[in-house]
Amino acid sequence: QQPVQSPQAVILREGEDAVINCSSSKALYSVHWYRQKHGEAPVFLMILLKGGEQKGHEKISASFNEKKQQSSLYLTASQLSYSGTYFCGTETPTGTASKLTFGTGTRLQVTL
Amino acid sequence: DGGITQSPKYLFRKEGQNVTLSCEQNLNHDAMYWYRQDPGQGLRLIYYSQIVNDFQKGDIAEGYSVSREKKESFPLTVTSAQKNPTAFYLCASRSRTGDYEQYFGPGTRLTVT
């Protein structure tokens, strides 16, 4: 079953912050975050492998609450280049059959 | 440079024809994946392969076929049985150890009329 992302879309002014949430109905082994620009391939942002793990990349960070089966992506002081669609990909602990199931995406637009 | 290549970038076919999309990687990854993306939608898994000569159906495998004869290559055939084949197709690969990042190719946009 597909993870649920919220919000579906958000519009920000440059410099504002945003939070994107990803929620799964299944126990999770890992959560991956990607950003996709229109017509291009998704670009990897970060992976969270352990419950409670937080990772950061410049002004983009994420957290993973294993118990709640949720992850959140935090974008601070947004830049125009942050515009795009953000996807979470979740991986369940199903032995060796490793695969990601992606959410429906959150469309982020940053304006001047 | 290591990476994933997909060809062609744009592909046009007539309804009723089979078409094969190419995916090659030189990252020495064991696992490879095919996704389909429709406008405004997320990524849906078609097929995946963890090792050579083995592959599994994903969530929307009907109307598609794959092969994995070489570690570097994972071609996808869109058959005439696929009811609505027009979409953006993305290939990805991933290491099964260490770096768990999944890398995507640039994609092939298939239009069937």
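Since every read-out is calculated from the coordinates, none of them should be taken as a lab result. As the structure is a computational prediction, the values presented were derived from the model and not from experiment. Cβ: placed from backbone, ideal geometry, glycine included. Neighbour counts: every protein chain shown.
The table below gives the values:
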item	result
Candidates A:Ile60, A:Ile11, A:Ile47: whichever shows maximal mean-square fluctuation once chain A is modelled as a Gaussian network with Cα springs under 10 Å	A:Ile11
Dipole magnitude of chain A about its Cα centre (Cβ charges: Lys, Arg +1; Asp, Glu -1), debye to nearest 20	220
Burial ordering of A:Thr76, A:Thr92, fewest other beta-carbon atoms within 10 Å first	A:Thr76, A:Thr92
Charge dipole (debye, nearest 20) of the protein assembly as shown; +1 at Cβ of Lys and Arg, -1 at Cβ of Asp and Glu	380
GNM result for chain B, Cα springs below 10 Å: residue of B:Phe88, B:Phe12, B:Phe55 fluctuating most strongly	B:Phe12
Residue-span extension gain [B:Asn84 to B:Val52] - 0.36 nm each, minus C-alpha spacing	8.6 nm
Student exercise, chain B dipole from Lys, Arg, Asp, Glu Cβ charges, in Debye to nearest 20	320
Within-15-Å neighbourhood charge of A:Phe102 [Cβ basis; K, R +1; D, E -1]	+3
Vicinal HN-Hα couplings computed from phi for segment B:13-24 (Karplus, 6.51 cos²θ - 1.76 cosθ + 1.60; Hz; Gly/Pro x)	9, 8, 4, x, 9, 7, 9, 10, 9, 8, 9, 10
